[in-house]
Amino acid sequence: MPTYTFKNNTTGLEFDEFMGMSERETYLKDNPNIIQLPVMFSFVGDHIMGVGPKADGGFNERMEQIANSHPGSPLADRYGGTKTKSHKEIKTRDVLKKHKVI
């Protein structure tokens, strides 16, 4: 059950009440001098501020396999590890990026 914030228009008193949705509707109908105040709600979990859930090793490994199959893609920049590329390939790619050939 959620917590609601109310305001008594006659006294100006703001208060919180813990009740169900149907109870809230009944409470507001029975008390015309009470209004519900809008409040900010908070999110809980890994999705806050653009932070997604943690990827496991299997997911990262699969993404690296796909990235190695598509070396010029943005996916390769993010997941294409240096494990499967030679030093020459890495340096060549860096030069091409620098001169915007890729």
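Rule-based calculations on the coordinates, nothing more; no lab input. Here the structure is a predicted model, which means the values were calculated and not measured.
Stretched out fully, how many nm does the piece from Ser86 to Met1 gain, at 0.36 nm a residue minus the Cα gap? Walk me through the intermediate numbers first.
Numbers: separation 85, 0.36 × 85 = 30.60 nm, distance 5.85 nm.
Answer, rounded to one decimal: 24.7 nm.
At full extension, Lys29 and Asn68 could sit 7.7 nm farther apart than now, given 0.36 nm per residue minus the alpha carbon distance. The stretch between Val95 and Leu37, if pulled fully straight at 0.36 nm per residue, gains 15.0 nm over its current Cα-Cα span.
Over the range 55-98, what is the relative contact order in whole percent, taking alpha-carbon pairs under 8 Å and six or more residues apart?
Details: 22 pairs, mean separation 12.1, N = 44.
The value is 27 percent.
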